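Remarks on the structure that follows.
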Amino acid sequence: MLPKKLLVTGGAGFIGSNFVRFWLEQHEDCSIAVLDKLTYAGSVENLEGAEKDPRCTFVQGDVCDRDVVDALMAEADAVVHFAAETHVDRSILAAGDFIQTDVFGTFVLLESAREHRVDGFVHVSTDEVYGELLEGWAKETAPLMPRNPYSASKAGGDRMAYAFFATYGVPTIITRGANTYGPYQYPEKLVPFFVTRAVRDEPLPLYGDGRQVREWLHVSDHCGAIEVLLERGEPGQVYNVAASNERRNIEMARIILDELGKSESLLRFVKDRPGHDRRYALDCSKLHSLGWRPKADFDAEIRATIRWYAKHRDWCECALARSKAYFEEQYADRA
Ligand code: TYD
């Protein structure tokens, strides 16, 4: 049975805000409380269309703040926990916020969920917890070998969610999703960052040889998978979420340039990311056994996403302006 009253953490971020819109569209008889700290990566603008919906309430606050969490948890049937620091490059420059939000914040939510006996708790983890996979596809039973502070923090939260199931019976379900694309992603990530650079005719900095491989999942498919898991996922289980769209970074850059009608002379090979994972790849047969299949057509949707960022230049510029110092530091010797 689907929950009626959801608490969505990180609901003003990328996947969270898309999920809130998706849920309101799919489920007439529902209510959602969004808890979001509004860090540099979140914005109420991302909730466009949902922010005025009477079924949706927004609270600015931190998942580490037990009082705020408790007040919202008391009203919720189930939790979808997106709130996290998510950018690998930032975690390499400064890991503290990642450990605080992704590990401690998850712990605070789990403690509160335990006390309030919620019916469901989806913890949104990531394929990056497996570390790089040079060949084959990781099943949910594969060892966790995170190689950067972001993925290590996510692995901590992921296993804490499982520990709360095993120890206290909190009905946690863990998703490990692939690289997700779609509208409203903070433009530090590959797709929106390269689009914002290309529209200004600025070079696209490919780390290393640009031949690292990621699997690309449309945000609507990511949301659909979480819906299936809220309905019929098994507590205590982990589910990989991907759509078999493996692409090298350089291929992604070429699609972006092609869609925007820009020259490949904008491609630049720059100093690599330390500990850069070569490839991620997921075996999703477990989720398929619940009847979930991705619906988005990669070639059409990646191009629609590129056009969305090109059309929303003001949104991108406004988002980028919140992080001037980061971009200067990260790309100073990669220009
Ligand atoms: P990113 O969007 O940061 O996601 P993740 O590291 O979580 O997979 O990066 C996707 C890939 O693109 C990754 O292999 C790193 C690479 N990349 C670049 O080559 N240049 C860039 O400026 C960025 C942001 C990413």
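The values are calculated or read from the model by the stated rules, or taken from the named source; none is laboratory data. This one's a predicted model, so the numbers in the text were calculated from it and none came from an experiment. Note: ideal-geometry Cβ built from the backbone for every residue, glycine included; neighbour counts use all protein chains shown.
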**Request:** Restricting attention to segment 200-210, report how many residues are surrounded by fewer than 21 Cβ atoms within 10 Å (Cβ to Cβ) and either assigned to a helix (DSSP H, G or I) or within 13 Å of the ligand (Cβ to nearest atom) (or both).
**Result:** 7
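In segment 220-261, which residues are free of Cβ contacts under 8 Å to residues at least 24 places away in the same chain and basic (Lys, Arg)? Can you show your working first?
If we filter segment 220-261 for residues that are free of Cβ contacts under 8 Å to residues at least 24 places away in the same chain, which is where we start, we get 251, 254, 258, 261.
ARG254 - this is the single residue of segment 220-261 that is free of Cβ contacts under 8 Å to residues at least 24 places away in the same chain and basic (Lys, Arg).
Just to verify a result, which residue in segment 57-96, among those that are within 16 Å of the ligand (Cβ to nearest atom) and over 16 Å from the mean Cα position of the chain (by Cα), is nearest to THR172 (Cα to Cα)? First the steps, then the outcome.
Of all residues in segment 57-96, those within 16 Å of the ligand (Cβ to nearest atom) come to 82, 84-95.
Next, from what is left, pick out any that are over 16 Å from the mean Cα position of the chain (by Cα): 92-95.
On the way: ILE92: 29, LEU93: 31, ALA94: 29, ALA95: 26 Å.
That would be ALA95.
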**Request:** Examine segment 181-199 for a residue that is away from the ligand (no atom under 12 Å from the Cβ) and without any contact (Cβ under 8 Å) to a residue 12 or more places away in the chain, and state whether such a residue exists.
**Result:** no
**Asked** Among SER289, SER265, which is at pLDDT 95 or above, away from the ligand (no atom under 13 Å from the Cβ) and under 26 Å from ASP127 (Cα atoms)?
**Response** SER289
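Out of the residues in segment 71-93 that are in contact (Cβ under 8 Å) with a residue 60 or more places away in the chain and among the small types (Gly, Ala, Ser), state the one that is surrounded by the most Cβ atoms within 10 Å (Cβ to Cβ).
Start the filter on segment 71-93 by keeping residues that are in contact (Cβ under 8 Å) with a residue 60 or more places away in the chain, which leaves 72-73, 75-93.
Next, from what is left, pick out any that are among the small types (Gly, Ala, Ser): 76, 78, 83-84, 91.
On the way: ALA76: 25, ALA78: 20, ALA83: 29, ALA84: 27, SER91: 22.
Among them, the one singled out is ALA83.
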**Message:** Can you name every one of the strands (runs of 3 or more DSSP E) wholly within segment 120-197 that holds 3 or more residues which are over 27 Å from LEU266 (Cα atoms) and not β-branched (Val, Ile, Thr)?
**Reply:** 120-126
**Complete:** Of (1) surrounded by 18 or more Cβ atoms within 10 Å (Cβ to Cβ); (2) over 21 Å from the mean Cα position of the chain (by Cα), PRO149 satisfies every one except (2)
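Counting only residues that are more than 15 Å from ALA242 (Cβ to Cβ) and in contact with a Ser or Thr (Cβ under 7 Å, 6 or more places away or on another chain), give me the helices (runs of 4 or more DSSP H) lying completely in segment 279-335 with at least 1 of them.
Values: elements: 285-288, 298-311, 313-321, 324-331.
Hits in segment 279-335: 298-311, 313-321.
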